[in-house]
1. Please label the shape of segment 1-123 as rounded, prolate or oblate, based on the square roots a ≥ b ≥ c of the eigenvalues of the alpha-carbon gyration tensor (a/c under 1.5 means rounded; beyond that, a/b larger than b/c means prolate, else oblate).
2. Given the -39500 (n - 2.57) contribution per DSSP H run of 4+ residues, what per-residue ellipticity at 222 nm results for the chain, rounded to the nearest 500 deg cm²/dmol?
3. Using only the alpha-carbon atoms, how far is helix 188-197 inclined from the longest principal axis of the chain? Give it as 0 to 90 degrees, nearest 10.
4. Let me check I've understood the local charge: for residue 311, count other residues with C-beta under 12 angstrom from its C-beta, Lys and Arg +1, Asp and Glu -1. What total comes out?
5. Which order, highest average first, do 146-152, 249-255 follow once you tally other Cβ atoms within 10 Å for each residue and take the mean per peptide?
6. What aspartates and glutamates sit close enough to residue 217 to cross-link, taking a C-alpha to C-alpha distance under 16 Å and skipping anything fewer than 8 places away on the same chain?
7. Debye calculation, C-alpha points only, no solvent: report log10 I(q)/I(0) for the chain at q = 0.14, 0.15 Å⁻¹, in the same order as the q values.
8. Holding the Cα-Cα limit at 26 Å, pick out from 178/284; 49/309; 199/221; 271/309; 199/302 the pairs that are longer than that.
Amino acid sequence: MKEKTVIVTGGAGVIGSHLVEYLVQRDYEVIVIDNLSAGRLENLPDYGKVFFYRRDVRDESLQNIYYRYKPFLLFHLAAHYANELSIKEPVYDLKVNTVGTLNQLNLAVKAGVKRFVYASTSCVYLPSVNPLEEESPLKPHTPYGISKLAGEYYTFFYAENYGLPVTVLRYFNVYGPKEANLQYRGVIPKIMAAALQDKPFTLTGSGDEARDFTFIKDAVKGTVLAAFSEKGVNQVFNIGTGRASSILEVINMLSELSGEKISIRYDERRKWDKTVYRLADIKKAHLLLGYEPEYELREGLKLTLDWYKDNLEFLN
Ligand SMILES: NC(=O)c1ccc[n+]([C@@H]2O[C@H](COP(=O)([O-])OP(=O)(O)OC[C@H]3O[C@@H](n4cnc5c(N)ncnc54)[C@H](O)[C@@H]3O)[C@@H](O)[C@H]2O)c1
């Protein structure tokens, strides 16, 4: 067991690659497992301490990698992401998000990993106008939410039955550099494209829909605090900011920051989208881990906008 060696599945993705960067900067040896179905190799830092394996998380022969590196910790971030894509491909979504998670849990137990960190989502909650606590009712509305919640249950099954120490993180709308403007991904790259490339933004709803937008660096900070703290063992944490902003607020802010008018084309809310408002209660992460988000929405959006200006190809 090497205390400075960790595995990150999905490490070439948006959150994963920022996490990898954070870890290598702190001298961890990081093993990345990613099939590059959504991630990019260029997302990874070129530091010599990152070992990349282009493999599927469902592949049982990944055992060789576990035995070879003897990781101390596993961050399981690889997933079929997210809601709309899962409606298009529900069977594939189920396979990657549950079988992939089960396979990693099995390998982690066999290799004696000291902590299994599972990236879950705020989509597991029953929508509410109140801040969502970890104990709030669960009711996912999409195949993605269902498969991610199943992953949580499998994770706790392994904790209870095989003594694997686990931590489950429910991320709330993470945004920031390296997120490509893909058809089925989050809303922020789409608004960025409208601001920087003069494309109309299609708003599916009224614009009053609100989310707890979390800057990527805060998401990474919450992840690391939970993963390395004893208080994170066998716990679920919301990773958000504790503030909700509407889509229209984001559009107005980005319009101000970019100095560009953003033209909006209104469309009906998507039938599957039952979440008008979603806000994290982050008291638990604050009290147990000392988690404190640092980035106000305006600051996070400014940093993200500046990054897209230099990386316009991510908006195409
Ligand atoms: N971004 C968010 O706002 C958000 C919110 C809630 C939860 N999450 C969760 O956080 C995690 C990371 O999200 P992200 O935004 O970085 O997504 P992402 O799509 O950028 O990253 C996922 C990575 O997993 C890889 N991958 C997908 N299927 C794979 C497979 N079968 N085998 C190996 N690798 C595979 C992809 O190539 C990609 O690099 C996911 O588990 C997601 O469910 C993200």
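1. Details: a/c = 1.88, a/b = 1.32, b/c = 1.42.
Oblate shape, in that a/c is at least 1.5 and b/c is the bigger or equal ratio.
2. On the way: 11 runs with 118 residues, N = 316.
When only DSSP H runs of four or more count, the value is -11000 deg cm²/dmol.
3. Once rounded, one gets 50 degrees.
4. Details: positive: 40, 178, 309; negative: 42, 179, 306, 310, 313.
That sum, taken over residues with Cβ under 12 Å, equals -2.
5. Numbers: 146-152: 22.3, 249-255: 17.9.
In decreasing order of mean packing, 146-152, 249-255 become 146-152, 249-255.
6. Excluding near neighbours in sequence, the set is 21, 179, 292, 294, 296, 299, 306.
7. Values, matching the q order: -1.08, -1.25.
8. Details: 178/284 29 Å; 49/309 29 Å; 199/221 33 Å; 271/309 33 Å; 199/302 19 Å.
In this structure, 178/284; 49/309; 199/221; 271/309 exceed 26 Å between Cα atoms.
Values quoted throughout were computed directly from the atomic coordinates according to the rules given, and no laboratory measurement underlies them. No experiment lies behind these values; they were computed from the predicted model shown. Using ideal geometry, Cβ is built from the backbone for each residue, glycine included, and neighbour counts are taken over all protein chains shown.
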